[in-house]
């Protein structure tokens with residue numbers, strides 16, 4: 001088609017019109033004599049249009065294939081996200097405050113038999129955050145761990161030990177995993193030396209725990225910016241003078 005020739009008018013059609021076209025084509029398939037009622041020009045238009053619908057040009061065919069692949073992938077991702085959204089850890093993240101484990105053991109009643117937590121299957125295989133293996137069975141609590149790693153870590157969440165008389169140093173214990181680690185150490189009986197750039201806020205958070213009176217006397221909080229080398233050296237000298245032992249060091253802050 002030359003540049004001087006008029007461009008064909010592009011008309012928009014809806015699904016109803018498309019279905020009507022399908023009905024017409026199926027009628028022609030059943031009775032090809034219907035084509036005789038058309039002029040040679042209209043018959044050629046019909047056959048050309050039907051052929052282009054079935055087998056468009058190469059570039060258009062590639063675009064259609066890519067679009068179908070994109071839609072299938074988006075559908076898989078949506079279905080997978082819907083399953084992952086139901087895991088326990090995501091439910092905790094949606095809460096305004098990420099709560100610590102129970103401070104006190106629940107009151108025991110009569111033992112009740114319960115079934116093992118079900119694993120839900122996802123459409124799109126996931127990659128385990130720990131062991132890097134692919135998996136498609138989702139743990140009821142973890143959204144990024146394979147079944148084997150999830151079971152081990154879920155048991156460790158509430159596991160404890162007798163740490164009375166032990167001393168632990170924790171950097172970055174004000175929020176998130178640092179705070180959770182500090183709470184576990186204190187409730188296990190350890191004495192905790194904790195550093196943070198925001199000591200007042202950290203002290204306020206710990207003081208709000210229901211069982212603060214049980215371990216508050218074993219908690220020391222130091223305001224310290226680990227990016228400032230002289231302050232780190234001064235803090236190390238203070239620990240050498242003030243502490244007889246140091247059983248654990250948890251480097252949580254200043255990871256970058």
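The values are calculated or read from the model by the stated rules, or taken from the named source; none is laboratory data. Quick caveat, the model's predicted, so the values are computed rather than measured. In this analysis, Cβ positions are derived from the backbone assuming ideal geometry, glycine residues included, and neighbour counts consider all displayed protein chains.
Details
- Only a single criterion out of (1) touching a helix residue (DSSP H, G or I) at 6+ places or on another chain (Cβ under 6 Å); (2) in a helix (DSSP H, G or I); (3) under 19 Å from residue 130 (Cβ atoms) is not satisfied by residue 151, namely (1).
- Residue 53 part of a helix (DSSP H, G or I) and either within 30 Å of residue 121 (Cα to Cα) or modelled with pLDDT of 80 or more (or both): no
- For residue 250, the conditions (1) farther than 18 Å from residue 172 by Cα; (2) in contact with a strand residue (DSSP E or B) (Cβ under 8 Å, 6 or more places away or on another chain) are fulfilled apart from (1).
- Residue match in segment 101-122 (condition: surrounded by 13 or more Cβ atoms within 10 Å (Cβ to Cβ), in a helix (DSSP H, G or I), in contact with a strand residue (DSSP E or B) (Cβ under 6 Å, 6 or more places away or on another chain) and at pLDDT 55 or above): no
- Check on residue 216, loosely packed, with under 14 Cβ neighbours inside 10 Å and out of contact with any strand residue (DSSP E or B) (no Cβ under 7 Å at 6 or more places or on another chain): yes
Results for (1) in the same structural domain as residue 139 (by TED's automatic domain parsing); (2) surrounded by 11 or more Cβ atoms within 10 Å (Cβ to Cβ), shown as yes or no for each residue.
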site	(1), (2)
21	no, yes
32	no, no
42	no, yes
47	no, yes
61	no, yes
69	no, no
83	yes, yes
90	yes, yes
